[in-house]
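Student: So that we are looking at the same thing, I have put the structure below in structure tokens.
The values are calculated or read from the model by the stated rules, or taken from the named source; none is laboratory data. Just so we're clear, the structure is a prediction, and the values are computed from it rather than from any experiment. Cβ sites come from the backbone with ideal geometry, for glycine too, and all protein chains shown count toward neighbours. These area figures cover heavy atoms from the full protein model, side chains too; ligands, DNA and RNA do not enter into them. Shrake-Rupley method; radii C 1.70, N 1.55, O 1.52, S 1.80 Å.
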Amino acid sequence: MPVDSRTKVAHSQHDNFDNKSIAIADYVLNTSFELEDDAWDAFLAATPGGHHTQTSRWARLKALAGWRPARVIARCDGTIVAGAQMLMRTLRGVGGVAYVQQAPLAAVWSPTLMRELIAALHRLARSCRIHYLSLQAPATNPCCEHLTLMGFRPSPNSPWDRATTRIDLSSEPEAILARMKSNTRYNIRLAQRQGIVVREGSESDLATLYQLLSATARRQGFEPEPEPYLRCLWELFGPPGQARIFLSEYEGESLSAALIIAFGDTVLYKRSGWHGNTGRLRPNELLQWTVINWAKANGYRYYDFEGIDLEAAHAVLKGEDIPESVRQSARGFKLGFGGEIVLFPETYEYFYNPIVRHLYDAIKPQINSGADLKHLLRRFRLY
């Protein structure tokens, strides 16, 4: 489906929303339902903590699954200084649901402005007949206290990762390599000696990426995004250079592939696939090391593996051994690269409809973990 065919959004559901600008001290708050917003995207890219999942490009991608965007944006002298993008949709039997991931975000911290942003999100959700709102703030924004004071409650199961590992690319490559675990360094060199080649791919390699991702999904028991979803992601983030594909090859055969998102000062490891039959060649370690070097050479400050197990993150921070179940997993693989542990705030939730709250509380005991919730929400292409 061409991207241009999804660049309009109906406003009829929001006609009753008071969209007048609200003046707060030196700030003016307003709301937008536009699917495309280059100024908002530029603010995110230039602001520490700005994340690609807050961009209007991401909103256009989520439109494939029926999510609609709405933004609360604060300006000072006409310049965007803070805001949050909310994505919402209607689920059968539940009604309107919405989420805010990695926001509210502010260029300069102001408790007053943050409280007003959260209040504006409440007004927006109610006007759009949202029954349930889930929100995870960025690590750079300590607004959890304000969320609690304004009626949000911590969610027992978050659909988003609570921790990640991030490599600081300001060091020289030798120093980055030295901070990795010894077996990771060994496997990188082993792959080089055995003739593994890593190259940057193009749109023509999307089919190969999907095949390798599907093979990984079969082994690990999850449902991958459909190929049209990946192609739409490429159409949106590829032309500005924010989406890249890298592939490892041996004697002309593709062994593994990684899709990365380069946004702001960070390169994020978004998706990867491996056909699983050539572990002795160690293609995945060399693939990651090549992408890390590409990110550094292109001026990015961080390489983010986008998600590790929270229990393992706490163990690393305490200097303890990580659980064996994690050590043998894909998330254990990420820890071998020696990055810095970053913890994210817990997810908060707000129920505007008490019936939905009681329904949620009734089924909550059946949700055994955040992984179960992610499996459920992946069906709706939430994250």
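Student: Run lengths n ≥ 4 of DSSP H only: what is the helix-derived mean residue ellipticity at 222 nm for the chain, with -39500 (n - 2.57) per run over all residues, to the nearest 500?
Tutor: Mean residue ellipticity, 222 nm, calculated: -10000 deg cm²/dmol.
Student: At 7 Å along Cα-to-Cβ for each site, give me the label-to-label distance between Glu340 and Arg219 in nm.
Tutor: Roughly 3.2 nm, to one decimal.
Student: How much area per residue is accessible in the chain when the probe is 1.4 Å and only protein heavy atoms are counted (Å²)?
Tutor: About 45 Å² of surface per residue is accessible.
Student: While we're on this one: Taking R0 as 45 Å, what's the FRET efficiency between Ala42 and Arg280 from their Cβ-Cβ distance, rounded to 0.05?
Tutor: Plugging the Cβ-Cβ distance into 1/(1 + (r/R0)^6) gives 0.45.
Student: When only alpha-carbon atoms count, how far does region 242-313 stretch along each of its three principal axes, as whole angstroms with the largest first?
Tutor: Principal axes ranked by extent give 35, 33, 16 Å for the Cα atoms.
Student: Right, another one. Measuring from a point 7 Å past the Cα of Glu251 along Cα-to-C-beta, which residues in region 187-228 have an amide N at less than 15 Å?
Tutor: From region 187-228, the list is 194-197.
Student: Where in region 116-133 is the amide nitrogen less than 20 Å from a point lying 7 Å along the Cα-to-Cβ axis of Leu91?
Tutor: 122, 125-133
Student: Sticking with this structure for a sec: What's the whole-number percent of alpha carbon pairs in region 310-358 lying beyond 16 angstrom?
Tutor: For region 310-358, the share of Cα pairs beyond 16 Å comes to 52 percent.
Student: Which of Ala262, Ala215, Ala45 moves most in a GNM of the chain, Cα contacts under 10 Å?
Tutor: The residue that fluctuates most here is Ala215.
Student: Taking the Cα centroid of region 312-360 and of region 62-136, what is the distance between the two, rounded to the nearest whole Å?
Tutor: First find each Cα centre; the distance between them is then 24 Å.
Student: At a Förster radius of 45 Å, what calculated FRET efficiency corresponds to the Cβ-Cβ distance of Lys318 and Asp77, to the nearest 0.05?
Tutor: Efficiency, rounded to the nearest 0.05: 0.45.
Student: What is the total of Lys pairs in the chain with C-alpha atoms under 26 Å apart, excluding same-chain pairs fewer than 8 positions apart?
Tutor: Close lysine pairs found across the chain: 16.
Student: Hey, any idea what % of region 120-268's accessible area is carbon plus sulfur with a 1.4 Å probe?
Tutor: For region 120-268, the apolar C and S fraction of the accessible surface comes to 48 percent.
Student: What ³J(HN,Hα) values, in whole Hz, does the Karplus curve 6.51 cos²θ - 1.76 cosθ + 1.60 give for region 92-97 when θ = phi - 60°, with x put for Gly and Pro?
Tutor: Listing the rounded values in order: 4, x, 10, x, x, 10 Hz.
Student: Give the relative contact order (percent, whole number) for the chain; include only Cα pairs under 8 Å separated by 6+ residues.
Tutor: Reported relative contact order: 20 percent.
Student: Measure off 7 Å from each Cα along the Cα-to-Cβ vector at Asp265 and Arg193, then give the distance between these two points in nanometres to one decimal.
Tutor: So the label points at Asp265 and Arg193 sit 3.8 nm apart.
Student: Further question on the same structure: Measure of size requested: the Rg and Dmax of the chain, with Cα atoms as the atom set and Å as the unit; please supply both.
Tutor: Cα radius of gyration and Dmax of the chain are 21.2, 65 Å respectively.
Student: Can you compute the modelled spin-label distance between Glu172 and Ser325, with each label point 7 Å from Cα toward Cβ, in nm?
Tutor: In this crude spin-label approximation the distance works out to 4.3 nm.
Student: Quick one: if the Förster radius is 51 Å, what FRET efficiency do Ile355 and Val28 give, using the C-beta to C-beta distance and rounding to 0.05?
Tutor: The value I calculate is 0.90.
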